[in-house]
Amino acid sequence: MIITKETDYALRILRVLLDGEKHSVAEMSETELIPTQFAYQILRKLSAGNLVRVSRGALGGCELSCDLDATSLYDLMGVMGERGVLCACMEPGFECRWQDKHGRCAIHCQLAALQRKQDEAFCAVSLRRLLTGGSDPQDTSELYNFKRRYPYAVSNHGGARRAAHEDPEFCGGGDQAPRVYDGSEQ
């Protein structure tokens, strides 16, 4: 699952806070059908990521502390500790026994390309647009300058030695489809 229940709950909390007012955890939990204990855990992460501000006391509550137009789904997933990777070999530091034995992996190269597209799509959707349904999430005309804003977002997937993002020749070069390993190479 790419979007976990925790990120789903975070989105629901942010939806309540869209009005710019302070809200109690109890109110948000009841409104958005989130178990209270999870709401507290999620709010700690959102607060640590500077997306919300939590104040205690009689006049306390939770409120937005970020610009939802400038914050993407990708950003939120990072705050929640999710990488949104398609498979284990996209994780930084993953040791692939098959690649260690055979070399370049066509499957990994194709998945790395898909991972890049997924990350770009998640970066293109602001939280405000996602929460309000402002425009079509498939409309990429407002794509963030992905490489400038997230220079390491994709290059760390699967570790540096297999980073197709940094070395297009590793996966057969640029936009070309990678060669399939046929067992004849040494």
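Contact map, segment 53-77: first residue under 18 Å from S29 (Cα atoms), second residue crowded, with 17+ Cβ neighbours inside 10 Å and of a type in the set (G, A, S), Cβ cut-off under 8 Å, separation 6 or more or different chains; pairs are V54/G61; S55/G61.
In this structure, G84 does not qualify as in contact with a Gly (Cβ under 8 Å, 6 or more places away or on another chain) and either part of a loop (DSSP other than H, G, I, E, B) or at negative phi (or both). Which condition number does R128 fail, the rest of (1) touching a residue at least 60 places away in the same chain (Cβ under 8 Å); (2) in the same structural domain as L11 (by TED's automatic domain parsing) being met? So R128 meets the others, but not (2).
Would you check if there is a residue in segment 55-66 being under 21 Å from the mean Cα position of the chain (by Cα) and of a type in the set (D, E)?
Looking through segment 55-66, none of the residues is under 21 Å from the mean Cα position of the chain (by Cα) and of a type in the set (D, E).
For segment 51-62, a tally of residues being surrounded by fewer than 15 Cβ atoms within 10 Å (Cβ to Cβ) and either in contact with a strand residue (DSSP E or B) (Cβ under 9 Å, 6 or more places away or on another chain) or more than 19 Å from E21 (Cα to Cα) (or both) returns 2.
Confirm whether L76 is over 17 Å from the mean Cα position of the chain (by Cα) and part of a helix (DSSP H, G or I). Judged against the criteria, L76 is not a match.
Would you check if there is a residue in segment 80-93 being over 17 Å from the mean Cα position of the chain (by Cα), more than 29 Å from R12 (Cβ to Cβ), in contact (Cβ under 8 Å) with a residue 60 or more places away in the chain and surrounded by fewer than 16 Cβ atoms within 10 Å (Cβ to Cβ)? Checked against the condition, which is being over 17 Å from the mean Cα position of the chain (by Cα), more than 29 Å from R12 (Cβ to Cβ), in contact (Cβ under 8 Å) with a residue 60 or more places away in the chain and surrounded by fewer than 16 Cβ atoms within 10 Å (Cβ to Cβ), segment 80-93 yields at least one hit. With a requirement of 1 or more residues that are polar (S, T, N, Q) and without any contact (Cβ under 8 Å) to a residue 12 or more places away in the chain, the helices (runs of 4 or more DSSP H) lying completely within segment 3-50 that satisfy it span 25-32, 36-48.
The values are calculated or read from the model by the stated rules, or taken from the named source; none is laboratory data. It should be emphasised that the depicted structure is a prediction, and the values quoted were computed from it without experimental measurement. Cβ: placed from backbone, ideal geometry, glycine included. Neighbour counts: every protein chain shown.
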